[in-house]
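Scroll down for the structure; my scribbles are underneath it.
The values are calculated or read from the model by the stated rules, or taken from the named source; none is laboratory data. What you see is a predicted model, and the numbers here were worked out from it, not measured in a lab. Positions of Cβ are backbone-derived with ideal geometry, glycine not excepted, and every protein chain shown enters the neighbour counts. The accessibility values were calculated without ligands, DNA or RNA, using every heavy atom of the protein model including side chains. Shrake-Rupley method; radii C 1.70, N 1.55, O 1.52, S 1.80 Å.
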Amino acid sequence: MAQQRRVQLSTQRPTSTVCVLGTELSLDVCGSAPKDAVAFHVQGTPGVKLYVVHETQSVKLPSSVGRWPLAAGAEVLLAMDSLSKDVGDEKVRISYFGEAGGVPVGRAMLYLTCVDISLDADTSRSGAVSRTLLDKATWTWGPDGHGAILLVNCDRDDPKAETLDNHDTAIRSYADLKDMSQMVLRTRGPRTIFTGHRLLLHVDFSDADKVGVFYGGNSVALEEYKHVLGGSKLAYAVKPSRHQEESIFYVEGLAFPDVGFSGLVSFHVTLLESPEKGLLETPIFTDTVVFRVAPWIMTPNTAAPLEVFVCSVDDNEDFVAAVGALAEKAKCRLTVCPPLENRQDRWIQDEVEFGYVQAPHKTFPVVFDSPRDRGLKDFPVKSILGPDFGYVARQAPEGASSLDSFGNLEVSPPVTVRGKEYPLGRILIGSSFPRFGGRRMAKAVKDFLIAQQVQAPVELFSDWLYVGHVDEFLSFVPAPDRKGFRLLLASPSACYQLLKEKQEEGFGEAAMFEGLEGVPKPTINEILANEGLRKFNNYVQSCISWNRDILKRELGLAELDILDMPQLFRGDVATGAHAFFPDMVNMLVLGRHLGIPKPFGPLVGGQCCLEERVRALLEPLGLTCTFIDDYFSYHVLSGEVHCGTNVRRKPFAFKWWHMAP
């Protein structure tokens, strides 16, 4: 339905107004009628389309009816479909008649100027701004949806800048402009009409702190781009150029979706009519365009690796070399964070999570900085943030716990659950059962993840672990069949079953941790006879089985989608569980190349029986297993290979805006 505006007429003096292309004017024929008038006649110049609404029927003029009764509810509608060449070059005349008919008892004259005003963005999501019949004031999901998209401009395109690009009100490079979405204001018609009218670009007060808008006028020089909207600036008066019909604005996002912010932002352009001196301007036309701020998106283990990160500390030279060799096999870049930057903090998985943002015109990676803030706290800003590499962080004002480290933040590959598709997977976070003293992920982090909408989080039970991270008992690896992946779960039951098999085969005296100095070396017989260890692992298995049921339900998995990795844990219920030997699910996944913590299991026939079982599980999927010795450099510190590495991965091919609502 066309935007409609009521226009008051007068029989005392001519009225002038603007009709915007694509809108309708409703003429108040009753309000301007002389008191003795009982009928009216309408006549317009060729550029005006006229309709009389009488007794709920709309009749296009001219018609066989010459005069219309001036009854309550009588209305004249007009529209124009071609631009005016001069101000007031089209007109409408309404003649009023009394009971006697004959000579009119009064006439109202309306002079019209037709202009075109349109505020446009890339609502068709093609990567370019174009005019469209789509409803610009709404935003819809799905492959057939519409609505413009905005990126949070959270990178730093100018290496000399001290802050993120969206933390200032300056354009420092043309690369900065390319991160922004264009919004085009089109104005056509007689330019002199704007001497008596004003065009105002404005943003809702509630959205002003979420966006920034820049405008360079007719210039392409960087220094000419001014910050015109956002923050304390709620409106900007646009002066249409005499020589250009388009004004191009550049829009940046300042904030990701979060509590109290759905991600939707509205911009408006309003034409204001200047009345007589001393009176306020009145709005006569508004056009609106809606953007949605693009969410931050995580990538799963199964996505192609692009860059591996590892920290170099005093005692992990061999570990770094092993990770580097695996990265070379996988043909991905290796970035080593030096001691000066990591300050002996080796747990790079816990400090950050790599993801990305995407709009039709641009995609770039964004690192999510955890509230953990230990030795690596400055690394994301100093060494990762840069041109086309963004940064986002959330703090934990209540105080960060171990569950706020991002080893406790994973995402599944794409899944379908009870008919609902999750083409970008589902985020997995660890928490506690609702009990006094249980650890939970910081509210600010959890709220942020939920607000992104496209990877609906699943909460698992991880507080039974000493460290408390989901990556201590699960991982995902690519697979050529079924859903395209397997879920790996740590399994004490599978480990006891394996050790029992080896005992029955006559290898009960084979010992753990051969070749490691200063480490107790329990035999298979001793492990199987340790009732305290078995009872504790029964408890651990019940915790993992609880999570197994959640994962099957919330990820739509069957038993064939899950592989049980032999693993034992030690500890007690009060302080939490540690891996008894290096935790093999805590692995580095680089395509088909897996970097698995070396378990130092019992040697059977010269081979580690734990490694042999894991190879038997994973190699049929086309995966290659490299076992990395992390015992003294990571395992004894309550972490493993995955905890000590991080990976930037290729974004999903699927576009997030194509998700079903």
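The figures follow:
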quantity	calculated
Stokes-Einstein translational diffusion, region 136-186 - Kirkwood Rh over all Cα pairs, 0.890 mPa s, 25 °C, in µm²/s	188
Given charges at beta-carbon only (K, R positive; D, E negative), |dipole| of region 476-581 in Debye	380
Read-out log10 I(q)/I(0) by the Debye sum over Cα atoms at q = 0.05, 0.08, 0.09, 0.10 Å⁻¹, derived from the coordinates shown; its label in (1) -0.25, -0.63, -0.79, -0.96; (2) -0.36, -0.71, -0.81, -0.92; (3) -0.32, -0.78, -0.96, -1.11	(2)
Interchain or long-range residues, amide H under 5 Å from PHE627's placed H	ILE596
Peptide ranges 463-472, 553-562 listed from the most packed, as the mean C-beta count within 10 angstrom indicates	463-472, 553-562
For VAL76, residues with placed amide H under 5 Å, excluding near neighbours	LEU27, VAL29, VAL53
Region 297-651: antiparallel DSSP beta bridges as a percent of all, rounded to 5	60
Sorted peptide list for 217-224, 455-462, criterion being average Cβ within 10 angstrom, highest first	455-462, 217-224
Rg followed by Dmax, in Å, when region 4-115 is reduced to its Cα trace	13.3, 40
Alpha-carbon centroid distance for the pair region 258-332 / region 531-609, whole angstrom	35
Using θ = phi - 60° and Karplus 6.51 cos²θ - 1.76 cosθ + 1.60, couplings along region 194-205 (whole Hz; Gly, Pro as x)	7, 6, x, 9, 10, 9, 10, 8, 8, 10, 5, 4
Reachable aspartates and glutamates from LYS420, criterion Cα separation under 12 angstrom, eight or more residues apart if same chain	GLU554
J(HN,Hα) series, region 476-491, from Karplus relation 6.51 cos²θ - 1.76 cosθ + 1.60, nearest Hz, glycine and proline x	10, 10, x, 9, x, 10, 6, 8, x, 7, 10, 8, 9, 10, 4, 9
Normalised contact order of region 122-293, rounded percent, pairs of Cα under 8 Å and 6 or more residues apart	27
Two-site FRET efficiency, PHE205 against SER545, from Cβ-Cβ distance with R₀ of 45 Å, rounded to 0.05	0.30
Accessible area expressed per residue, the chain, with surrounding protein chains retained (probe 1.4 Å, Å²)	42
Heavy-atom accessible surface of the chain: percent carbon and sulfur, 1.4 Å	52
Residues of type lysines that LYS91 reaches as a straight line, Cα spacing below 22 Å, ignoring anything fewer than 8 places off in the same chain	LYS49, LYS60
Per-residue HN-Hα couplings for region 583-589 [Karplus 6.51, -1.76, 1.60; θ = phi - 60°; Hz; x = Gly/Pro]	7, 6, 6, 7, 10, 9, 10
Relative contact order (%) - criterion: Cα under 8 Å, at least six apart; region: the chain	11
Per-residue SASA entry for MET180, accessible area with 1.4 Å probe, Å² rounded to 10	10
Nearby lysines by direct alpha-carbon distance to LYS329 (threshold 27 angstrom, same-chain neighbours under 8 apart not counted)	LYS483, LYS598, LYS650
